[in-house]
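Participant: Mind having a look at this structure? Questions to follow.
The values are calculated or read from the model by the stated rules, or taken from the named source; none is laboratory data. Quick caveat: nothing in here was measured; it's all calculated off a predicted structure. For neighbour counting, all protein chains shown are included, and Cβ atoms are generated from backbone atoms with ideal geometry for every residue, glycine included.
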């Protein structure tokens, strides 16, 4: 049974502004993300997102992309809360889940590539584990060997740690009341509303305001690191078999939500 207590069966009756799934292709515009040779994370993530959208729509789901490759504005922390910014878009969608697609970059020698699924510490991790297992099995890849923040094979929960927060000079240092164990990853925290401790309320004047920070009906977010862009085996597999990664994510959603 679906953990969240509902089934996805059809989109025919959905209002125009309501979606089943939001797909967030990481980075975009002038922010290309991680790079390996001529390959850019933003472009690969977009290709995978478009394929995933096609597959999800083929089974009758209503899908929203936070970007489609036509954007010209640089993706920065300054515009994600605009009316058409990706945080606002995701929250306005009333979607059940958000899948944010990324590629990792290995800056050390202690990771050999592989899949990493990041989720909120406040969420049931069943879908996260299904995503990891299905990607490994369907796309013929492996679980990441990274141990930091690892909960189980392929599943990771990264949180803001108070000690790091106190020592930080980053933007969230201006916020009071940030507590331990809320999601570190911005997209997961800020679309989750109350459940994930979303807190961007304009206290830091350099950034926008998350109008949905107090929502108790937030979108459940999963950040999917498909692999490591600078690990040849990962990169080649994603480029050649992107449809299989999308199929694995589609199958996970179908199975978790018992889509008929």
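Table: residues versus (1) surrounded by fewer than 23 Cβ atoms within 10 Å (Cβ to Cβ); (2) in a helix (DSSP H, G or I); (3) modelled with pLDDT of 95 or more.
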position	(1), (2), (3)
80	yes, no, no
100	no, no, yes
108	yes, no, no
130	yes, yes, yes
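Participant: Go through the stretch 199-215 and count every residue that is crowded, with 18+ Cβ neighbours inside 10 Å and either part of a helix (DSSP H, G or I) or in contact with a strand residue (DSSP E or B) (Cβ under 9 Å, 6 or more places away or on another chain) (or both).
Facilitator: 3
Participant: Under the condition of being in contact with a strand residue (DSSP E or B) (Cβ under 8 Å, 6 or more places away or on another chain) and modelled with pLDDT of 95 or more, which residue from the stretch 150-173 is farthest from residue 193 (Cα to Cα)?
Facilitator: Checked the stretch 150-173; the qualifying residue farthest from residue 193 (Cα to Cα) is 153.
Participant: Sticking with this one: What number of residues within the stretch 216-240 are surrounded by 16 or more Cβ atoms within 10 Å (Cβ to Cβ) and closer than 19 Å to residue 154 by Cα?
Facilitator: 16
Participant: Among what's in the stretch 138-158 and is touching a helix residue (DSSP H, G or I) at 6+ places or on another chain (Cβ under 7 Å) and touching a residue at least 40 places away in the same chain (Cβ under 8 Å), pick the residue that is surrounded by the fewest Cβ atoms within 10 Å (Cβ to Cβ).
Facilitator: In this case the residue turns out to be 140.
Participant: Would you check if there is a residue in the stretch 110-124 being over 19 Å from the mean Cα position of the chain (by Cα), at pLDDT below 75 and closer than 22 Å to residue 238 by Cβ?
Facilitator: Yes, there is a match, as at least one residue in the stretch 110-124 is over 19 Å from the mean Cα position of the chain (by Cα), at pLDDT below 75 and closer than 22 Å to residue 238 by Cβ.
Participant: To continue, here is another question. What single numbered condition from (1) without any contact (Cβ under 8 Å) to a residue 40 or more places away in the chain; (2) in contact with a strand residue (DSSP E or B) (Cβ under 7 Å, 6 or more places away or on another chain) fails to hold for residue 121?
Facilitator: Answer for residue 121: the failing condition is (1).
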